[in-house]
Amino acid sequence: MADNYRKQKMSYTIEFDIAAIIFLILLICNCLNQKRFSTRTSKACMVLIADVLISTILNLTTSFCLTYRYESYLLNTCLGYLQGMIANLGPMLYYIFIHMITHQFRRINKRFWILMLAIIVIETICILSTPFTHFLFLYGPSQPYTHSYGYFGLYAVGLVFITAILIELIKYRNQINKGSIFSLLLFCFLSLFAVGIQMYFPNLQITGFATTVAVVAAFLTIQNPGLFYDQSTGTLNKVAFIEKLSSFNPKKPGSLIVFKLAKTNKIKDLFGIEGRYYITRQFMNTLQNEFKNARIFYLFNDTYIILFKKIGEAEAAGNRIYELTNQSMNFYPVEGSSTIINYRISGRIHIINNTGLIMHSNTSSDFYTTDETISLINYIATSWTPHHVAFVDYNIIQQFQEQIRVKHIVEEAIKNESFEVFMQPIFSLKENSFTGAEALLRLKNTDGTYIPPLQFIPEAEANGDIIQISDIMIQKTCDFINKTNLFDKGIQSININLSMIQCMYEGIIDHICEILNRNHISPTLIRFEITESVAANDEIRFTRLLEEMSSRGIEYALDDFGTGYSNTSKILNHNFSEIKFDKSLIDTMTSDGENENAIRYLFDLAKEKKMVSLAEGVETKENVERLKKIGCDLIQGFYYAYPMPADEFMNFLEEHN
């Protein structure tokens, strides 16, 4: 029987397996030799490479033993089982690798890992039970090694993963460039091709080689060193930091420093833009040499993250950075220069002794989103100015959490258009009645109170939400005008604020006119307030905006006049309908005749230009009397009326007008 079995032994073509092993070993040596930023994706790729290498080696060894060591039943059985286990992990590991790419900047759900682990356990049980069930392999002392009917079940599982890979790449195709998608699809096509060939030509060992080609192509696709490094600073970049965030392990928290460079514009003025970057690179190299086990990331706006592996390491490092920023250091001003300059780098240092502090809320186990964590770091770097080294604690985190909470309320209010419009009456000293009002935006909190505008307006201006919010404001004001007999009560116009962001928005006047026309509101009934700071920010844009408003018959007022943003005589050359004198200016009026005379001059100048003068924030009778004496036309402030809901405003007019 043994002689008969010797005649049945098969000669395998192993050259492809040998070539695959050489390729994979060279690839691993290249990885070990080069400095690369380690990510979840690259780690998954390395596990996949290791799986393909071990699988190919076992396949080659099994082929050799089946050819030359057929008497060793135990050895061949163990090799067959081991090779089956490793090889069938390939499609699943490649799917995990693709999932890492498509979820590069997001945390992966625990259910995903549980599902993958369950599949591994089931396959392992099937393979290990084969000696008793002969489910996957048929092999014995008197018969050749063959696959049983159950082995096709493993092929089916592999096919399911290949299908899942295709679906994943199609679903997230917008996150991956076209060249990378082609490289990543190679695994699917080559795997199916190789399995088909080997089913028809069992002696042709080509599966390992085909898988190797696909894995090498995928590896070269993701391992672009430039993707994670900032060339101007010589550090890791924001993409690399986000990748680190997505793989954060709460069981192994480290510590970090938020380092905000200061006075970088002064470096640019002294040494030029190239000099600024070159000096910054030298300083960052100094920090990297000081903290060899740390990672330095450049995020944005001269803000850096220095990440340490252990809790508490950041504290000693922060003190060392403070020492470095309080002494002059030697730098080369430009690359290749032999001249050495002595210069002191300065900056703000914020120590976070546990990275978990910026990763999830102390009131819940929920992680912040990546964007929220980045926003928190920016909040720490810009909103908090310590004297030297400062520790970040839960107080500032709670302030940020409140900001995030309000942000979500704003998002809901935009979605549901649930902002409220309050009216603050404007009193005419000449007519001794209320002739106008300013529409003011209000946002209700979850507890029924109102969130102060300063808590959400600046953020809305920064992220662009102010455009949608203002649309809601104008529309609700138009609705209020249309459903009331407002102008029969003596009201001549309603004032609405335009933010600086709106004024910079191209096409804003067309947009406003479209809303007014849609609601059949005359442009003369609404007066738009523009702050003095807009003129200081972009005088050309400011002038063009006013000219366009004039050509459309839209009235406009200058808000916050007297805050010192621009030249007084120059700005009053514009044809404003109304000048609103800022509260800070009005409050300077005392018994001191010099101040009062200076303010009187400004009111006279407005009257000379045929502009209506309005005093904001008036709270005392004394100021009302002084304003009457210097010729003020209108008064807005708590002395006459607080802002009130629109329906209360109508009752107020019934009572006072």
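For the reader, a short list of remarks on this structure follows.
- Which listed residue, of Lys415, Lys430, is over 29 Å from Leu299 (Cβ atoms) and assigned to a loop (DSSP other than H, G, I, E, B): Lys430
- Strands (runs of 3 or more DSSP E) (entirely within segment 337-402) containing at least 3 residues that are charged (D, E, K, R) and at pLDDT 80 or above: none
- On the stretch given as segment 496-521, residues that are open to solvent by 40 Å² or more (accessible area, probe 1.4 Å), over 13 Å from Ala557 (Cα atoms) and not charged (D, E, K, R) total 7.
- For Leu653, the criteria (1) modelled with pLDDT of 90 or more; (2) farther than 17 Å from Gln492 by Cα hold in every case but one, which is (2).
- Each residue in segment 522-542 was checked for being open to solvent by less than 30 Å² (accessible area, probe 1.4 Å) and out of contact with any strand residue (DSSP E or B) (no Cβ under 9 Å at 6 or more places or on another chain), and 1 of them qualify.
- Check on Asp465, free of Cβ contacts under 8 Å to residues at least 12 places away in the same chain and of a type in the set (Asp, Glu): no
- Restricted to segment 293-320, and to residues there that are within 17 Å of Thr233 (Cα to Cα) and not in a strand (DSSP E or B), the residue that is least open to solvent (accessible area, probe 1.4 Å) is Ala294.
- Any chance Leu443 is in a strand (DSSP E or B) and free of Cβ contacts under 8 Å to residues at least 40 places away in the same chain: yes
- Where a residue in segment 155-175 is of a type in the set (S, T, N, Q) and its partner, wherever it lies, is open to solvent by less than 80 Å² (accessible area, probe 1.4 Å) and in a helix (DSSP H, G or I), with Cβ under 7 Å and at least six apart: Gln175/Thr102
- Qualifying residue in segment 68-81 (condition: surrounded by fewer than 14 Cβ atoms within 10 Å (Cβ to Cβ), at pLDDT 75 or above, in a helix (DSSP H, G or I) and more than 41 Å from the chain's Cα centre (by Cα)): no
- Filtered residue count, segment 573-627, keeping only those that are out of contact with any Phe, Trp or Tyr (no Cβ under 9 Å at 6 or more places or on another chain) and of a type outside the set (S, T, N, Q): 19
- Hits in segment 584-637 (condition: within 43 Å of the chain's Cα centre (by Cα), at pLDDT 90 or above and not β-branched (Val, Ile, Thr)): Leu614, Ala615, Glu616, Gly617, Gln636, Gly637
- Any hit, segment 4-22, residues being at pLDDT below 75, more than 28 Å from Val160 (Cα to Cα) and among the acidic types (Asp, Glu): no
- Residue under evaluation Ile273, criteria (1) farther than 26 Å from Asn30 by Cα; (2) crowded, with 20+ Cβ neighbours inside 10 Å, criterion not met: (2)
- The requirement of being surrounded by fewer than 18 Cβ atoms within 10 Å (Cβ to Cβ), out of contact with any Lys or Arg (no Cβ under 6 Å at 6 or more places or on another chain) and either modelled with pLDDT of 80 or more or of a type in the set (Val, Ile, Thr) (or both) is satisfied by Glu323.
- Annotation note: Cβ proximity below 8 Å between a residue of segment 620-638 that is closer than 17 Å to Glu608 by Cα and a residue that is buried (at least 23 other Cβ atoms within 10 Å of the Cβ) and of a type in the set (Asp, Glu) (sequence gap 6+ or interchain) occurs for Leu634/Glu578.
- Total residues in segment 202-230, condition more than 21 Å from the chain's Cα centre (by Cα), modelled with pLDDT of 75 or more and part of a loop (DSSP other than H, G, I, E, B): 1
- Selected residue (only one of Lys268, Lys292, Lys260 is within 27 Å of Asn354 (Cα to Cα), without any contact (Cβ under 8 Å) to a residue 12 or more places away in the chain and not acidic (Asp, Glu)): Lys292
The values are calculated or read from the model by the stated rules, or taken from the named source; none is laboratory data. Note that this is a predicted model, so its numbers are computed, not measured. Neighbour counts are summed over all protein chains in view; Cβ atoms, including those assigned to glycine, are modelled from backbone coordinates with ideal geometry. The area values use the complete protein model at the heavy-atom level, side chains included, leaving out ligands, DNA and RNA. Shrake-Rupley method; radii C 1.70, N 1.55, O 1.52, S 1.80 Å.
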